[in-house]
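The structure appears below as structure tokens.
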Amino acid sequence: MTIKLYDIAHSRAGDKGNTLTLSLIPYKPEDYPLICEKVTASAVSYHFRDLVLGEITRYELPNLPALQFVCQQALSGGVTTSLTIDTHGKSLSYALLEMSIDNEL
Amino acid sequence: MKETIRIGCGAGFSGDRLEPAIILAQQGQLDYLVLECLAERTIALAQKRKRQNPALGYDPLLERRIECLLPHLLANNVRLITNMGAANPLAAAEVIVSIAKRLGLNITIAVVTGDDIFGLLTGHEISLETSKPLREAGPLISANAYLGADAILPALATSASIIITGRVADPSLFVAPLVHEFGWSLDEADRIGQATVIGHLLECAGQLTGGYFADPGKKDIPDMAHLGHPFADVSTDGTAIFGKVAGTGGTLNVATAKEQLLYEVMDPSRYMTPDVVADFTKVSLEEIGPNQVKATGGQGQSRPNTLKVSVGYNAGFVGEGEISYAGSNALGRAKLAGSIIQERLQNQFTDLRIDFMGSTSVHRTSFGEHPDQYEIRLRVAGKAATFEQASLVGEEVEALYTNGPAGGGGARKYVHEVVGIVSTFLGRDRINPQVTLFQS
């Protein structure tokens, strides 16, 4: 069955220059293996293909548990010079949560 | 020596609410109150204000914040640490002196300077963002190094009840009082790593207590209109228990703490600050009571030999124009308007953006299926070298009233000057922080 990440996880976006960071935190720790398996760096790169021009790196944090994505060249130049409405990219956490995955391991 | 130190964070950005800091100073039983009010962007804008008027360049809310806080800080013996000095910490101290005199209060203020290293800059340094020399970004206007806890420690060793700084790494504002109180060494990397975890969790204030977290029905947060800001009780071994003042709104739990721990973090095993390369991958967060979270397990490796420097440059002007369409085929008419502007301006702007607000303006696309919107706002933005050129964007959009599609209304136009930010590294041996005392 296909589910949206929004149904099982929460996220906060952060910005450093032109780089966007996105956490992905499952509500239930038991969903951590599922998101590790399905929400790969390349899957997220494909999801954000219209927005993120650079590389996406994924970090695993089994201690929380959570994933962290670092997206290069994602903010149209960065907070002061971007022509976008959301210059910080703060709302992009909800763009990640729009991603759909198959919920079977 | 105290066994536990309580540090509160009463502001997480320059525009933050005033009330939570007052509640913390009044009822928080704090040893230290930190106000973190400086972002990458804020300091460059502050440098511009200082250039226009040498008596300005400190945080715009400084007077209001100090005026409300000062009596409570003195009555409850709470020391204030803040980077509200921004581009002009010495002028900020003069302002605090005059407020204290007016209120009939005797205080000592310690000012930490040395972050402004514009004079050391040649422009040939390589930008982290572009890998090209800084000067190629544009005319350089400011350069501020991120100072660390070591720059604040001499100020804490004085009798000052207020310590005011310019550019200091956000977590260092919290690391410094812990090192000062517990006699830790800045060379104990694991301890400083844990202190940095504590600072990072606190630095955005309300973002730890349920601010910027709520999603109705999914992540509910009570009484957000009276959101309280957090404090941490830190023990000599570095264990921290986070909490908030009873009766304030918000929630502090493991979920809010997780979001904040990862906020703006690149590699979680190498979170670089002037004090340490902190490792968050062994951090444990545990809910030990209502609105009580215990954090342990922060580690680190020795501090870097270079400090990051934020460099501001003149990036020209951005012109914007907006107009709304509503009712049947609103998106169709807005798109026609956008194509008219595109045709008229494309040869004059290398960087022009056309958004259909209510449809694709925020994420440049819309994920999934969504029904047509009743109303659409066209937004056009363009970058230009001069004010006059940037003004064209809004003028052309306004002209759509009588030259564009049917039913356009509510046109607005804006032009603003842009300060760009690039970064570089500078050897820490070239940076000399200083402390100056002021008395009221």
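The values are calculated or read from the model by the stated rules, or taken from the named source; none is laboratory data. On a predicted model such as this, the values are computed, not experimentally measured, just so you know. Because the Cβ atoms are built from the backbone with ideal geometry, glycine has one as well, and the counts that use them run over all protein chains shown. Protein only, heavy atoms only, side chains kept; ligands, DNA and RNA dropped before computing areas. Shrake-Rupley method; radii C 1.70, N 1.55, O 1.52, S 1.80 Å.
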Task: Along each principal axis, Cα extent of the stretch B:341-396, largest first, Å - done: 40, 19, 18
Open item on the list: If I build a Gaussian network model for chain A, linking alpha-carbon pairs within less than 10 angstrom, which residue out of A:LEU64, A:LEU75, A:LEU92 has the largest mean-square fluctuation?
Closed with: A:LEU64
Task: Global size of the stretch A:2-102 as Cα Rg and Dmax, reported in angstrom - done: 13.1, 41
Task: Cut-off of 10 Å, at most 10 other beta carbons, DSSP loop: longest stretch of chain B lacking such GluC sites (Glu not before Pro) - done: B:4-368
Task: Exercise: per-residue mean of other protein chain Cβ atoms within 10 Å, B:232-243 - done: 0
TODO: Would you please give the residues with an amide H less than 5 Å from that of B:GLY114, counting only those at least 5 places away or on a separate chain, with H modeled from the backbone geometry?
DONE: B:GLN434
Task: Environment charge at B:GLY10 (Cβ cut-off 15 Å; Lys +1, Arg +1, Asp -1, Glu -1) - done: -2
Open item on the list: Tell me the mean residue ellipticity at 222 nm calculated for chain B from its helices only (DSSP H runs of n ≥ 4, each -39500 (n - 2.57), averaged over every residue, nearest 500).
Closed with: -8500 deg cm²/dmol
Task: Rough spin-label spacing in nm, given labels placed 7 Å along Cα→Cβ, for B:PHE118 and A:ALA43 - done: 4.9 nm
TODO: Would you give the gap between the C-alpha center of the stretch A:32-105 and the C-alpha center of the stretch B:260-325, rounded to a whole Å?
DONE: 16 Å
Open item on the list: Starting from 0.36 nm per residue, how many nanometres of slack lie between B:ILE126 and B:PHE425 once their C-alpha separation is accounted for?
Closed with: 106.8 nm
Task: Against the rule of thumb 2.2 N^0.38 Å, how large the Cα Rg of the stretch B:1-149 comes out - done: 1.19
TODO: Out of all DSSP beta bridges with both ends in the protein assembly as shown, state the antiparallel percent to the nearest 5.
DONE: 85 percent
TODO: Measure up B:LYS101/B:LYS258; B:LYS48/B:LYS218; B:LYS2/B:LYS48; A:LYS38/B:LYS335; B:LYS48/B:LYS308; B:LYS50/B:LYS282 against 32 Å on the Cα-Cα distance and list the ones that go over.
DONE: B:LYS101/B:LYS258; B:LYS48/B:LYS218; B:LYS2/B:LYS48; A:LYS38/B:LYS335; B:LYS50/B:LYS282
Open item on the list: Can you list residues from other chains, or at least 5 along the same chain, whose modelled amide H is less than 5 Å from the amide H of B:ILE81?
Closed with: B:LEU33, B:VAL34, B:LEU35, B:ILE163
TODO: With a point put 7 Å past each Cα toward its Cβ, work out how far B:ASP220 is from B:ASP187 in nm, to one decimal.
DONE: 5.5 nm
Task: Stokes-Einstein D in µm²/s, Kirkwood radius over Cα pairs - the protein assembly as shown at 4 °C with 1.567 mPa s viscosity - done: 53 µm²/s
TODO: Would you tell me the accessible area of B:ILE117, worked out with a 1.4 angstrom probe on the heavy atoms of the protein chains, in Å² to the nearest 10?
DONE: 10 Å²
TODO: Quick one, can you get me the convex hull of the C-alpha atoms of the stretch B:311-423 expressed as volume per residue in Å³?
DONE: 103 Å³
Open item on the list: Can you give me the angle between helix B:40-52 and the longest principal axis of chain B, using Cα atoms only, in degrees from 0 to 90, rounded to the nearest 10?
Closed with: 80 degrees
Task: Percent of Cα-Cα distances greater than 41 Å, calculated over chain B - done: 26 percent
